[in-house]
Every structure is written in C-alpha cells, then in structure tokens.
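Asker: Sharing a structure, written as structure tokens. Questions coming.
Nothing in this text is a laboratory measurement; each read-out follows from the coordinates by a stated rule. From a predicted model like this one, the values you see are computed outputs, not experimental measurements. Don't worry about glycine lacking a Cβ; one is built from the backbone with ideal geometry, like all the others, and counts go over all protein chains shown.
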Amino acid sequence: MNIITEFYKQGLEHWPKTGQHILAHQTNEEIVVYQAYKKSIARFVAENQFLGGNEYSYNRMSWIKPNFLWMMYRCGWAEKENQESVLALWISKKDFEAILNEAVISSFNSQYHDNHEQWRADLDRKEVRLQWDPDHDPYGHKTERRAIQLGLKGSMLENFGKKQITRIEDITDFVKQQKQLLDNGRLDELQLPVERVYRTTDEALYKRVRIG
C-alpha cells in the first residue's frame, strides 16, 4: 500500500476536536479521497486506473470523502452491501480545489446563501454538492468535529473519473485488517492513513466553503 499510516492515537494528537475541517492524507502536491464499491466495479477501476466499466454509471452522483474514518463509517469497514471494496484515489490539490470551488451546500443554509432562490439557482447551475457531516471515531460514534464529503455529477464527475485521478489503489485488505483489530478490542494497535488538516492559500475558498 502506498499510503503512509500511523497509530490512531498518534493521529488524534493532530486533529481538531471541533469545527469543520478537511482531514486528509496528502503530499505537497496531491490529496487522497476514498470511495467504496461492489467488488466487480472496484476490480475494474483498480486494474484500469479510471472510473468505468460495464457496471459503473456516470449518470448518477458519486461521492468522494477525504477522511478515512468517515469512509469507514459510511461503508461499515467494507462490510456493507455493494461497498465491500474501498478505493484510495489520488488527485492533485489543484484539481481538488477546483472541485471545491464548484461545490454547493446540499441543504439550504443561511451561512452560505442569502435566500432559497440563490441557493436553488446554484444547485441548478453547478455539478458538485457539499456536505459537512459529523465525523466518527473508529467505532462509529459521532464526534464534535465535522467532515466533508463532495458529490460529483455530470461533466465534473467525468472529468474526475477519467482525467483528474492520478492513481487508484484498492486498500480493502488493509481495511479488513484494521477492522479485525477493532473487533478484538485492540484499539492501541489500530493504524490509519496519516491525515492532517488540509490547508489552502485561497482565503476566499476557505470562507466560501466555511472551513474551520
């Protein structure tokens, strides 16, 4: 696996306890996001290094999650139906921020829009949805910190799935190994991808997405 890991309790020392933050595994130039699929779709995607295949549809919204534990909560540590395989997808930070810049909050919130009409117009015009949801600990309990997930559709999804991804890795074996540690009460041995708060020099983006 190409992702660097650390003990869960080490990561906790670096994570904010509250607020809206993008926690992600990252290098200077790239960031990792996660998706979970049924085994047959994941196999094609990992082997061919793009989103596609006979069973994959570009006609629906597809969600990406930078936060590993949020992905584990959503897919049940790769045990939920049709989410048995977890993929790590690498993209450039430049492309990730381009996606963020097109994001519209999925439910009306007066912090983001002055009125429903403005929000609805953005929903109709843009192809990325943004949600801030409660983050979760390894056992699925909610934390006070919020994690981001982004829903892509249309041309934004096609661009992401066919052009922006630089590497795709099936990390399901790693996920299952860590779940076994949890099931056996060995939290001290749990390892996760090294994740730190994502930073950008684009202050306008910070304010618009309400990071922090």
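Asker: Assigning unit charges at the beta carbon (Lys, Arg +1; Asp, Glu -1) and nothing else, what dipole magnitude in debye, to the nearest 20, does the stretch 5-209 show about its Cα centre?
Answerer: Roughly 240 debye for the stretch 5-209.
Asker: When the Karplus curve 6.51 cos²θ - 1.76 cosθ + 1.60 is applied with θ = phi - 60°, which whole-Hz ³J(HN,Hα) does each residue of the stretch 24-32 get, with x for Gly and Pro?
Answerer: Taking θ as phi minus 60°, the curve returns 7, 7, 8, 10, 4, 10, 10, 9, 9 Hz for the stretch 24-32.
Asker: Of the labelled options (i) 0.95; (ii) 1.07; (iii) 1.03, which one gives Rg/Rh (Cα atoms, Kirkwood Rh) as computed for this structure?
Answerer: Answer label, from the structure shown: (i).
Asker: What FRET efficiency do you get for K80 and E29 if R0 is 25 Å and r is their Cβ-Cβ distance, rounded to the nearest 0.05?
Answerer: According to the calculation, E is roughly 0.15.
Asker: Continuing with this model, one more query. Under the 0.36 nm per residue contour assumption, what length would be gained going from the current alpha-carbon distance of N101 and T18 to full extension?
Answerer: Contour length minus Cα-Cα distance gives 27.5 nm.
Asker: Using the Cα centre of the stretch 5-209 as origin and beta-carbon charges of +1 (Lys, Arg) and -1 (Asp, Glu), tell me which of Q164, Q180, S106 is placed farthest towards the positive end of the dipole.
Answerer: The one lying farthest along the dipole's positive direction is S106.
Asker: Under a point spin-label approximation (7 Å from Cα along Cα-to-Cβ), what is the N184-E203 distance to one decimal in nm?
Answerer: In this crude spin-label approximation the distance works out to 5.1 nm.
Asker: Taking θ as phi - 60°, what are the ³J(HN,Hα) couplings along the stretch 81-97 by the Karplus curve (6.51, -1.76, 1.60), each to the nearest whole Hz, with x for Gly and Pro?
Answerer: 4, 6, 9, 7, 10, 10, 10, 9, 10, 9, 9, 6, 5, 4, 6, 4, 5
Asker: Size of the dipole of the stretch 8-127 about the Cα centre, Lys and Arg at +1 and Asp and Glu at -1 on the beta carbon, nothing else charged, in debye to 20?
Answerer: In total the dipole reaches around 340 debye.
Asker: Too long at a 25 Å Cα-Cα cut-off: which of K39/K93; K17/K126; K93/K162; K17/K162; K9/K93; K142/K163?
Answerer: From K39/K93; K17/K126; K93/K162; K17/K162; K9/K93; K142/K163, over 25 Å: K39/K93; K17/K126; K17/K162; K9/K93; K142/K163.
Asker: Relative contact order for the chain: what percent, with Cα pairs under 8 Å and sequence separation of 6 or more?
Answerer: The value is 36 percent.
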